[in-house]
Amino acid sequence: MGELVDRVDDRDGVIGVVDRSEAVAAGWLYRMSMVLCRDEEGRYLVHRRPGSSSRFPGEYSWLVAGAVGAGESYAEAAHRELREEMGVRASVRPLFTFLCRGELSPYWFAVHEATVRQEQIAPQAAEVAWHGWLSADELRDAMASWKFVSDSRDAYHRYVRLATDRPL
């Protein structure tokens, strides 16, 4: 078996445990957890995936992302992905969850937020080819001109619509 995930229904209720590759191939719903990282100045961490990546090679994302393992909570997966991909241990807070009709397959997508410092970041080379910090205006401009992973772009637009308490 590969990566085991909870298969979920259209209300995000668990209906079984399956291999993620099986869920993707069959178009079954499962869970993904994402973290948007900001620094003390409010800038957003953006990264580019390696050109050799099997999923979305060379594309940008403003989220640290990964599948939620079987029996794992969204928050636990967010902590794990942040640690595995960026080498960061930080508190995460949930922002929103939505049903994403991603390019590879559909899944429930939970977005979290963490505040991190540049010196904390030690990205995993297999996951991150480049990373940098962008202001809200720079991120908005990058979304218009850089090739972002599609679900990352979808989450960005939802975030902007929901972020009435902070300017973007």
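A short reminder: the numbers here are calculations on the coordinates, not readings from a lab. For clarity, every value in this text was computed on a predicted model and none was experimentally measured. Here Cβ is always computed from backbone atoms with ideal geometry, including for glycine, and neighbour counts include all displayed protein chains.
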* Structure fact -> hull vol. (C-alpha, convex hull) per residue for the stretch 57-136, Å³ -> 122
* Rounded to the nearest Å, what's the spacing between the alpha carbon centres of the stretch 1-30 and the stretch 113-168? Just the number, please. => 27
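Calculated FRET efficiency, ASP9 and GLU76, Cβ-Cβ r, R0 35 Å, to nearest 0.05? Mind dumping the intermediate values first?
On the way: r = 21 Å, r/R0 = 0.59.
So the FRET efficiency works out to roughly 0.95.
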* **Counting DSSP beta bridges with both ends in the chain, the antiparallel % (nearest 5)** => 75
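Full extension from VAL17 to ASP154: what is 0.36 nm times the residue separation minus their Cα-Cα distance, to one decimal in nm? Show your work: numbers first, answer last.
Working: separation 137, 0.36 × 137 = 49.32 nm, distance 2.67 nm.
Gain on stretching VAL17 to ASP154: 46.6 nm.
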* Please report, in debye to the nearest 20, how large the charge dipole of the chain is about its Cα centre when each Lys and Arg carries +1 at its beta carbon and each Asp and Glu carries -1 there. => 220
* **Size of the stretch 1-82 as Cα extents on the principal axes (Å, biggest first)** => 42, 29, 21
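Regarding the stretch 14-168, what is the average projected area of its C-alpha convex hull, in nm²?
Working: hull surface 35.1 nm².
Taking a quarter of the hull surface, the average projection is 8.8 nm².
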* Structure fact -> Helix 150-162: inclination vs the chain longest Cα principal axis, degrees, rounded to 10, gives 70
* **Estimated [θ] at 222 nm from DSSP helical runs (n ≥ 4, -39500 (n - 2.57)) normalised by residues in the chain, nearest 500** => -7500 deg cm²/dmol
* Do me a favour and compute the ellipsoid semi-axes for the stretch 29-74 from its Cα gyration tensor, root of five times each eigenvalue, largest one first, whole Å. => 21, 18, 6
* Taking the Cα-to-Cβ direction at ALA163 and at SER91 and moving 7 Å from each Cα, how far apart do the two end points lie in nm? -> 2.1
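Can you give the translational diffusion coefficient of the stretch 97-148 in µm²/s, computed by Stokes-Einstein from the Kirkwood radius over Cα pairs at 10 °C and 1.306 mPa s?
D = 113 µm²/s.
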* Structure fact -> For the stretch 31-81, averaging the sequence separation of alpha carbon pairs under 8 Å that lie six or more residues apart and dividing by its residue count, the contact order in percent is 41
* **Residue-span extension gain [GLN120 to ARG140] - 0.36 nm each, minus C-alpha spacing** => 4.7 nm
